[in-house]
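The values are calculated or read from the model by the stated rules, or taken from the named source; none is laboratory data. The structure displayed is predicted, hence computed values, not measured ones. Don't worry about glycine lacking a Cβ; one is built from the backbone with ideal geometry, like all the others, and counts go over all protein chains shown. SASA here: full protein model, heavy atoms, side chains in, ligands and nucleic acids out. Shrake-Rupley method; radii C 1.70, N 1.55, O 1.52, S 1.80 Å.
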Amino acid sequence: MKPKLLLVDGLNLVRRIHAAVPNEDAEDLKRRCLGAMDKALRQHKPSHAILVWDGGHDNSWRRQLYPEYKAHRKPMPEDLARALPLLDTGFASLGVRSVRQQDLEADDLIATIASKVSAAGGEVVILSTDKGFGQLLGRGIAQWDHFDGHWIDAELLQQKVGVPQSRLLDYWALAGDSGNGIPGIPGIGKKTALELVSQFDSLKALFAADAVPGKLGERLQAHQDEARLSYRLVQLRRDLELKLNLSQFRVGSPT
């Protein structure tokens, strides 16, 4: 039987739960977080589960490529940071073990693990509200919004973002993503980016000489490098060498 893997975006889950009742006792936070994980396990019935944590941004490959990447994000609340080891232990008691690697973001870890498992014929459910995982969906990889209780699929992404799933990276390359410090092209907002993506089949076609007339065309020609940089920043890596064995993460073996 092929595995069914639940990949949990750890900080996405616990920060949302913490934000609902800030400054609560660590044990109460743990209780609510474990309740959410137990619900996810009962709902999706995975054979394997991995809780994935960020390994830090300060020396990540994206920060090295672009020092402003996530540089202006608010730090994690101190009480939540102190509670993370307690949460980690609690999740392990449910049989859900954690993965983190120094200087690697959870998004890339999730993308690599999901891609390898799906390529081997397994089924993957990513538990996260992050639209960036939209680029992975398909071929055995699905995404579940735990808080709103629905699947995030290609149709929903197009409704929310405004472009087909296949053009998400092109859109973000043009419009950027202020929340993550992705620059995009200066002066190109979401509306203009949507119009450009709908008019051109690719960034290559968009940046062809004289493809776009007037001042907008001049702006695009002058800032191609920023768009290509932004594309690299939003594109998830699927090729990390993780040296993990899926058998370590079978559900039902609490520590």
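Here the range 113-254 was treated as a single set of alpha-carbon atoms; its pair distances binned every 5 Å from 0 give 2, 9, 16, 19, 16, 13, 10, 7, 4, 2, 1, 0, 0 percent. A straight chain from Ser178 to Trp151 at 0.36 nm per residue would run longer than the Cα-Cα distance by 7.2 nm.
Sorted into 10 angstrom bins from 0, the C-alpha pair distances of the chain split as 7, 28, 33, 22, 8, 2, 0 percent. A Förster radius of 51 Å combined with the Cβ-Cβ distance from Thr129 to Gln221 puts the calculated FRET efficiency at roughly 0.90. The Cβ shell under 12 Å around Arg16 holds other residues with a net charge of -2, Lys and Arg each +1, Asp and Glu each -1. Pairs exceeding 32 Å between alpha-carbon atoms, taken from Lys39/Lys243; Lys160/Lys204; Lys116/Lys204; Lys4/Lys191: Lys4/Lys191. Placing dummy labels 7 Å off each Cα toward the beta-carbon, the span from Ser202 to Lys45 is 4.3 nm.
3J(HN,Hα) couplings calculated from phi for the range 180-192 with the Karplus curve 6.51 cos²θ - 1.76 cosθ + 1.60 (θ = phi - 60°) are, in sequence order, 9, x, 7, x, x, 9, x, x, 9, x, 4, 4, 5 Hz; Gly and Pro show x. Evaluating 6.51 cos²θ - 1.76 cosθ + 1.60 at θ = phi - 60° for every residue in the range 119-136, the Karplus couplings come out as 5, 8, x, x, 10, 10, 10, 8, 8, 5, 9, 6, 5, x, 6, x, 5, 8 Hz, glycine and proline recorded as x. Here Leu244 and Asn59 are evaluated by their C-beta separation; at R0 = 25 Å the FRET efficiency comes out at 0.70.
The peptide list 176-184, 240-248, put in order of mean Cβ contacts within 10 Å with the highest first, becomes 176-184, 240-248. The range 34-54 and the range 60-138 have Cα centres lying 14 Å from one another. Annotation: amide H of Asp177 within the under-5 Å range of Ile182, Gly184, sequence separation 5 or more or interchain, hydrogens built in the peptide plane. Just the protein heavy atoms count here, and of the accessible area of the chain at 1.4 Å, carbon and sulfur take up 49 percent.
Estimated purely from DSSP H runs of n ≥ 4, each contributing -39500 (n - 2.57), the mean residue ellipticity at 222 nm for the chain is -13500 deg cm²/dmol once divided by its residues.
Beta-bridge orientation, the chain: approximately 25 percent antiparallel, per DSSP, counting only bridges with both partners inside.
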